[in-house]
Amino acid sequence: MSLRRNLPAGSSGMYSDTPRPSHYNSTVSLVATGQHPHRQGGYGGFGYSNRGCHPHGGAGKSGKGDMGSNRRGNSYFNWINHLRSNYANSFERRRREEDDDERPVSMAVNKVDRVHWYFKGNARTHNTIRYDLVHDQKEAKPILRRGQEFYVALRFRDRDFDVKRDRICLHFRFGPKPCVQKGTLAVITVWNDKFTRSKYDWDVRIDSGSRGKDLVLQVFVPASAPVGIWRLDVVCGLQHHPNALAMNTNALNQRSSTNIHTISTNTMEPKSSHPMNHHSMDTPSMDSPSMSTHPSNKTTVTSNRKMQSDAHMAHMKGFNYEDYNDEGLWYVYSDHTDVYILFNPWCFDDNVYMEDEMKREEYVMNDYGKVYMGAYRRCHGRPWAFGQFDDVVLPVACYILDLAHITDTDRGNSVQVVKAISSVVNDFHEGGIMEGRWDGEYNDGVAPYKWTGTVSILEEYMQSGYRPVKYGQCWIFSALFTSICRTLGIPCRSVTNYVSAHDTNATLSIDKFFDKEGSYFEGGPNGENWDSVWNFHAWNDVWMRRYDLPKGFDGWQAVDSTPQEECDKKEQCGPVSLEALRKGEIGYNYDGSFMYSQINSDIMHWGEDLEYDWGWRRMKINRYRVGRAILTKQVGRDDDCGDADKEDILREYRNREGSDSERWTIQSHIRGSKRGQEYHDFKSDINDDCRFDLFELDKIEVGDPFTIRVVARNDSAEHRTVTATLNAHSLYYTGVHHSQLKKAEGKFQLGPKQQQEVILTLNCAEYWKKLVEGCMIKTYVICRVQETGQTFTEEEDYVLDKPKLEIKIPKEVKMDQQCQITFTFKNPLDMPLTECCLSVDGAGIMRPRKFNIEGDIKPHGQFSHTIKFKPLVHGDRKIIASFSSKEIYDIYGGKKFIVMKK
């Protein structure tokens, strides 16, 4: 008879193919060492030394076991080991029953089963209830603002929470390498029903709504916390264990090989809402099926290393976790929920604090607005859907901050954050959001004028694998920057400077050269002068305190994200204090000199003249053309039909034009530039006894003819001979010439006190096919007086007005009920419109959509297109749309309306 058959049921021999019991390895391990982990000595006479014993019960290397020789066979030793295991298990059971205080620690740790974030309740108090991510039915996210408290609840698995018995530590971690010293790891112990730390530290208190297995906590986030995605680990242990303080250590976040048990989870928002005044776990049941947990994975804690405790704990060195956690001294519950922490303009201690509620509503909460374009005398606000609450905007904002390589510590510094955003909005930084283009060639992308809002751009950015979207221009970069700042909680406005200078040679002047025939000489005499004047240029202002600058420079800071000036190896400019610009104190951070030149440069006209040593004579200096107006949208006002909602903030950037203080600041800047002094000190001694006036046009409709008029008057007592040249060019808004439309030249005599009119007329056929986007025309006038050498030069910009896209909306619109909207305009041209497209953005009530229109629009015919949709939210909303075709484009409109609840 085989000895194997005589083994008791459930035993395991060396040759047995029966699976071992789940407790087998741990039991043998305890017996094999002869030591209980918390006792001295063996197990009541059954302890032994395994000095020669094979792990499977056979002889060791000596060939002999302590209980006898191999002559009795392996089955005998297996039987003996089985008896020892049974005796040991029985002994342990009796001791646990007799002495509860000495039972294994692993049986006493109260483990967290799930976490509840009170998504909507916290969002209401943190002014984040409008974020789509808060309302995600499957994977809601807590979106919080620093500088104030929020609620979070823990449900325990094993038993009711007892603060005298259970030790709970919350580890909030940020970034790939959380560290207490860098402010990217917060370790806070749950022990009191009141906040006990200063407002500069993370803190936690137990809420009175806690009961049973449900622990409701109120956590305070300091106003300096890094902004972005945080994660929570809950460390569970015992209060009175001699090594309980190790739970607070920084090393718990360094996991590599372990005896620490970690349970990970994702949490969802319960279907029912939670009244925050009760802070109870019962109303939003934590047993809701929308809550989910995932099985735990054992992870490790690095031992024998320096560890950092929280603010209440001393530094600990050389702690070996394996010495004290053989059976699970503590458990780490890792919650995988992305916790978004944002800037807080409602909090005085946050450096983006903005006191005025109406301004906060405009510059943080308003998800639509205007970006101003056109020319100084024909400026217009283009409606834009900023969409900062859309579910794509906040995740992309956090992603690009990581992309910009801003340090985790600097993520709490608003100055460094806006610098990072402005550098990654454009594609100069690898992986940036949008590629800029200004030459009109957009066949491999989307023309800038077809965009209506930020959301569609960021959606394409994500769907393309985070490749730069084609194409944008300064006003789109400004709109993108506005959306990203507002979604992060930074007050931001889009601003547009009309007649904006780009001084490439630090002379604080924009130099334009004309040859003997009066034609514009691009590049200057040596081909190295590429100064330019943009009809308009859009950038941004952000609101913050500037702790890096002397007192008095807080408030609005200018930031330019258009890739035209390199700063710190990034194509961006600012932030620079508007107060510093106004005072001419441009030596402070960042890029004050370049920003100052955009609004304060003089325009100099140089004419070819061989009688001068250089070969060029300064014909004119215009000190008042650059920086004619800086427009932004007014706070709390909307004008869908016109631009009554614009606000000129030029005086925030500089003093009144021509005032002593204004010229003093410019001269102070010029004295700091040797080359600038040379240009501005250049003499031009000419007898000016003739007067010339260029008459400005108030309005030019697309398709209509127009006339440019110059009047010359002789104020002297002698005859004067005048040669006049009038030039008209189509150009891009950046000041780059596209085509010459028409040129007129003439020579005439002027008697004493006599005047003469010179005109240049253009009809639609002469200009239409040569126009580019923006429909801008620049005219140059050059008049020379033969007898005195006097030269008159002037330039003016015109924008041809296009029809406005009319939007018709029903009087009554209800949430989740289908409604229809109709878009119309009249074709102003004598030709049909082909390849028509309509882009529509609902600014929160519908996803951005594009419609390809079938058929052509007849000459002077009516365009009409109707769409149907169901509004997603209620309240004051806005529809924004843009029409484009092969013949005419950028016909846009916006309409505000109210969506009512069902």
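Bear in mind these aren't lab numbers, they're just calculated from the coordinates by the rules spelled out. Note that the structure is a prediction, hence the values are computed from the model and not measured. Every residue, glycine as well, gets a Cβ built from its backbone with ideal geometry; the counts of neighbours run over all protein chains shown.
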Report summary line: Flagged as over-length at 21 Å C-alpha distance, from 743/858; 802/886; 470/886; 512/753; 141/895; 138/213, the pairs are 743/858; 512/753; 141/895; 138/213
Query raised in the report: By per-residue mean of other Cβ atoms within 10 Å, what is the highest-first order of 441-452, 154-165?
Result: 441-452, 154-165
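Quick check on the range 357-663: take the gyration tensor over C-alpha atoms, sort the square-rooted eigenvalues as a ≥ b ≥ c, and tell me if it's rounded (a/c under 1.5), prolate or oblate.
Details: a/c = 1.68, a/b = 1.49, b/c = 1.13.
It is prolate, given that a/c is not under 1.5 and a/b is the larger ratio.
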Report task. Return the whole-Å distance between the Cα centroid of the range 524-547 and the Cα centroid of the range 138-170. Result -> 50
Requested in this report: Report the net charge of residues surrounding residue 779, where surrounding means a beta-carbon distance below 11 angstrom and charges are Lys +1, Arg +1, Asp -1, Glu -1.
Outcome: -1
Query raised in the report: How big is the antiparallel share of DSSP beta bridges in the range 686-801, given as a percent to the nearest 5?
Result: 95
Requested in this report: Could I have the simple spin-label model distance between residue 462 and residue 192, label points 7 Å from Cα toward Cβ, reported in nm to one decimal?
Outcome: 4.1
Requested in this report: Normalising by the residue count of the range 806-900, find the relative contact order in percent from Cα pairs under 8 Å and 6+ residues apart.
Outcome: 35
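Round to the nearest 0.05 the FRET efficiency obtained for residue 443 and residue 901 when R0 = 35 Å and r is the Cβ-Cβ distance.
Rounded to the nearest 0.05, the efficiency is 0.15.
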**Report entry** Label-to-label distance, nm, for residues given as residue 643 and residue 355 (7 Å Cα→Cβ offset)
**Finding:** 3.3
Requested in this report: Taking 7 Å along the Cα-to-C-beta vector as the label spot, tell me the residue 715-residue 608 distance in nanometres, rounded to one decimal.
Outcome: 3.1
**Report entry** Phi-based couplings in Hz for the range 473-478 (Karplus 6.51, -1.76, 1.60; Gly and Pro marked x)
**Finding:** 9, 4, 5, 7, 4, 5
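Beyond 21 Å between alpha-carbons counts as too far, so tell me which of 359/804; 450/878; 633/850 fall in that bin.
Beyond 21 Å: 359/804; 633/850.
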Report task. With the Cα gyration tensor of the range 806-900 in hand, convert its eigenvalues to equivalent ellipsoid semi-axes via √(5λ) and list them largest first in whole Å. Result -> 27, 12, 11
Query - Rounded Å value of the spacing that divides the Cα centres of the range 383-424 and the range 712-785 - result: 47
Query - Under 13 Å from the residue 874 label point (7 Å along Cα→beta-carbon), backbone N, the range 807-844 - result: 813-817
